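Asks: Starting off with a structure, shown below.
The numbers here are math on the coordinates, done by the rules we state, and not lab data. Nothing here was measured: the structure is a model prediction, and the numbers come from that model. We place every Cβ from the backbone using ideal geometry, glycine too, and count neighbours over all the protein chains shown.
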Amino acid sequence: MHTLLKLAAAAAGAVGIAAFAAPSFAALKVDTKAPDFSAPAYLAGKPFTFSLADALKKGPVVVYFFPAAHTPGCNLEAHLFSEAIDDFKAQHATVIGVTAGNTSELAAFSKETEHCGGKFPVAADPGAKIAKQYDAVLSQKPEWSNRTSYVIAPSGNIVHVYSDLNPNMHVKETLDAVKALPPAH
């Protein structure tokens with residue numbers, strides 16, 4: 001619990017600093033087709049290639065963009081997703097974190113218990129190419145991703161978008177949207 005309190009305090013400070021940055025919130029709209037992508041990713045420190053198309057065959061996908069590994073708000077967001085991963089799995093949903101920042105640190109970030117804890121993968125987005133396709137680029141630092149989360153139905157259509165530099169509500173927003181999807185047949 002002590003670690004979570006430290007993460008929350010660090011994130012609060014990061015959010016305060018981030019308030020001075022003017023992020024872009026031009027995220028893709030609900031009911032549009034999600035751009036397909038494949039990206040180098042890590043799960044529990046092990047490299048693999050994440051494919052959105054393959055993940056959608058298994059159920060809905062939560063693609064959450066975050067600015068950079070090993071930064072206070074992103075550390076907290078990853079920890080919150082790792083704590084809720086069983087709730088997403090119960091809905092047959094895949095969670096993937098995608099970042100253009102500190103991509104050389106993703107292998108460690110993916111396995112550290114205070115972050116992803118090996119419970120879900122994170123993907124590297126060098127040059128923010130995927131983030132640009134999803135209109136999820138941080139305007140003050142365009143080489144980094146904005147904190148924007150998408151829920152994509154198995155059909156490939158975006159069913160929910162949430163964009164906020166504060167990491168605290170991304171899990172609740174995306175999990176509620178996943179739970180609202182009709183059950184798979």
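Asks: Give me D for the stretch 68-127 in µm² s⁻¹, whole number, from Stokes-Einstein with Rh from the Kirkwood sum over alpha-carbon pairs, 37 °C and 0.692 mPa s.
Replies: 288 µm²/s
Asks: Work out how much length residue 155 to residue 92 would gain on full extension: take 0.36 nm times their residue separation and subtract the Cα-Cα distance, in nm to one decimal. Please report the intermediate quantities before stating the final value.
Replies: Values: separation 63, 0.36 × 63 = 22.68 nm, distance 1.41 nm.
Fully extending the segment from residue 155 to residue 92 adds 21.3 nm.
Asks: In addition: Full-extension gain between residue 164 and residue 143, please, as 0.36 nm times their residue separation minus the C-alpha to C-alpha distance. If you can, show how the numbers build up before the last one.
Replies: Numbers: separation 21, 0.36 × 21 = 7.56 nm, distance 1.78 nm.
Net length gain for the segment: 5.8 nm.
Asks: Is the shape of the stretch 36-185 best called rounded, prolate or oblate, per the rule: a/c under 1.5 gives rounded, else a/b larger than b/c gives prolate, else oblate, with a ≥ b ≥ c the square roots of the Cα gyration tensor eigenvalues? It would help to have the intermediate numbers written out before the result.
Replies: On the way: a/c = 1.38, a/b = 1.28, b/c = 1.08.
It is rounded, given that a/c, with a ≥ b ≥ c, falls under 1.5.
Asks: In percent, what relative contact order does the stretch 42-171 have, based on Cα pairs under 8 Å that are 6 or more apart in sequence?
Replies: On the way: 282 pairs, mean separation 42.4, N = 130.
In percent, rounded to a whole number, it is 33.
Asks: Separation of the stretch 58-95 and the stretch 147-185 by C-alpha centroid, Å?
Replies: First find each Cα centre; the distance between them is then 11 Å.
Asks: Shifting gears a bit: Applying 1/(1 + (r/R0)^6) with R0 = 30 Å to the Cβ-Cβ distance of residue 180 and residue 104, what FRET efficiency is obtained, to the nearest 0.05? Walk me through the intermediate numbers first.
Replies: Values: r = 37 Å, r/R0 = 1.23.
Here the calculated transfer efficiency is 0.20.
Asks: May I ask which of 33/111; 141/179; 57/172; 57/141; 29/58; 33/58 have a Cα-Cα span longer than 28 Å here? It would help to have the intermediate numbers written out before the result.
Replies: Working: 33/111 31 Å; 141/179 33 Å; 57/172 24 Å; 57/141 34 Å; 29/58 23 Å; 33/58 17 Å.
Beyond 28 Å: 33/111; 141/179; 57/141.
Asks: Quick check on the stretch 144-185: what are the equivalent-ellipsoid semi-axes from the Cα gyration tensor, as sqrt(5λ), descending, whole Å?
Replies: On the way: eigenvalues 91, 29, 6 Å².
Here the semi-axes work out to 21, 12, 6 Å.
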